[in-house]
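Okay, handing you the structure first.
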Amino acid sequence: MCQLDGKVALVTGGSEGIGAAAARRFVLEGATVFVTGRRQAELDTTVKAINEQSDRGQAIAVRSDVSSHGDLDRLYTRVRDHSGRIDVLFANAGVSELARLEEVSEEHFDRVFGINVRGLLFTVQKALPLLSDGASVILSSSIAASKGVEGTSVYSATKAAIRNFARTWAVELAGRRIRVNAVSPGPIETPGFSGVATDPAQATDFKDALLAAMPLGRLGDPDEVAAAALFLATDASSFTTGAELFVDGGLAQV
Ligand SMILES: NC(=O)c1ccc[n+]([C@@H]2O[C@H](COP(=O)([O-])OP(=O)(O)OC[C@H]3O[C@@H](n4cnc5c(N)ncnc54)[C@H](OP(=O)(O)O)[C@@H]3O)[C@@H](O)[C@H]2O)c1
């Protein structure tokens, strides 16, 4: 028996990086997993690869942008028509862009908050009618929510907002036994992390500074975050809600 046999999951931003690793884990544990992203080709490639590895669960690609209400409505119509409910929601889609305070533009602020905060809030709000009693909601925060790292003021603020969503929604949804937790990765080797700085020298400085302060001295693998998401998705974490689970090589813990 697998840990998510018969469960229905949704992973937003699952065409690459942490979301793809989590979708794969959930499928291998027996779940039907709806996987979203904005780029259809990348999404299809990832979902095909996951399905080729699994003889239990199943991944289903739905192209959907979390910052579009129309896309979210179409996504949930598809989920409702196919599966009728959601047992595990991993609100993972997010973008990271560096900008020092003096460089922050309205466009940068609106883009990062629009996807990371507004997009995540409406992803969860619009899922409410489909969430089963006892469902698990996992929000993608970051160690950035509790650290001061040069160039990350807007991104870090979005992740701090998400950290608090987990506290507030844990209270608001407890009546339906829905647990809400945040997972907070440190630096994880993903396309998103590699692309965080456009200037190669800035990217190297950023990475070197993080590694120098990291007890485990290496970047994390997306599957290490997926393992934490799986823990939060299953009854193994049945008494855990409103919490923040760090997967950061110790970076924000020491
Ligand atoms: N990697 C790290 O070091 C790290 C550390 C802490 C927290 N995190 C958080 O973990 C989450 C995943 O990060 P990652 O590094 O795996 O990112 P990634 O490699 O950039 O992958 C992001 C995924 O989200 C999708 N996505 C982006 N914007 C979207 C939108 N508006 N609607 C739907 N899907 C969208 C992307 O596909 P499309 O571009 O096709 O939409 C892609 O599949 C993010 O919330 C990030 O902030 C990451």
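The values are calculated or read from the model by the stated rules, or taken from the named source; none is laboratory data. Just so you know, these numbers come straight off a predicted model, no measurement behind them. All Cβ positions, even for glycine, are placed from backbone atoms using ideal geometry, and neighbour counts span all protein chains on display.
Taking the stretch 124-145 as the search range and keeping residues that are surrounded by fewer than 24 Cβ atoms within 10 Å (Cβ to Cβ) and either in a helix (DSSP H, G or I) or among the hydroxyl-bearing types (Ser, Thr, Tyr) (or both), which one is farthest from the ligand (Cβ to nearest atom)?
Ser132
Restricting to the stretch 57-83, name every residue that is among the polar types (S, T, N, Q), within 11 Å of the ligand (Cβ to nearest atom) and over 19 Å from Glu16 (Cβ atoms).
Ser68
Okay, next question. Give just the number: which of (1) outside any helix (DSSP H, G or I); (2) within 15 Å of the ligand (Cβ to nearest atom); (3) of a type outside the set (Gly, Ala, Ser) does Glu150 not satisfy?
(2)
Examine the stretch 200-212 for a residue that is touching a helix residue (DSSP H, G or I) at 6+ places or on another chain (Cβ under 8 Å) and buried (at least 18 other Cβ atoms within 10 Å of the Cβ), and state whether such a residue exists.
no
Separate question: Looking for whichever is more than 18 Å from Asp248 (Cβ to Cβ), modelled with pLDDT of 95 or more and in contact with a Gly (Cβ under 9 Å, 6 or more places away or on another chain) here; the options are Arg111, Arg167, Arg118. Which one fits?
Arg167
Same structure, new question: With the requirement that a residue be surrounded by 16 or more Cβ atoms within 10 Å (Cβ to Cβ) and not in a helix (DSSP H, G or I), what does the stretch 163-188 give you?
Once the filter is applied, which keeps residues that are surrounded by 16 or more Cβ atoms within 10 Å (Cβ to Cβ) and not in a helix (DSSP H, G or I), the stretch 163-188 yields Leu173, Ile178, Arg179, Val180, Asn181, Ala182, Val183, Ser184, Pro185, Gly186, Pro187, Ile188.
Of all the residues that make up the stretch 43-75, how many are over 16 Å from Ala91 (Cβ atoms) and assigned to a loop (DSSP other than H, G, I, E, B)?
Residues flagged as over 16 Å from Ala91 (Cβ atoms) and assigned to a loop (DSSP other than H, G, I, E, B) within the stretch 43-75 amount to 4.
For the stretch 84-123, what are the residues that are within 12 Å of the ligand (Cβ to nearest atom), in contact (Cβ under 8 Å) with a residue 60 or more places away in the chain and within 20 Å of Ala203 (Cβ to Cβ)?
Scanning the stretch 84-123 gives Gly94, Val95, Ser96, Glu97.
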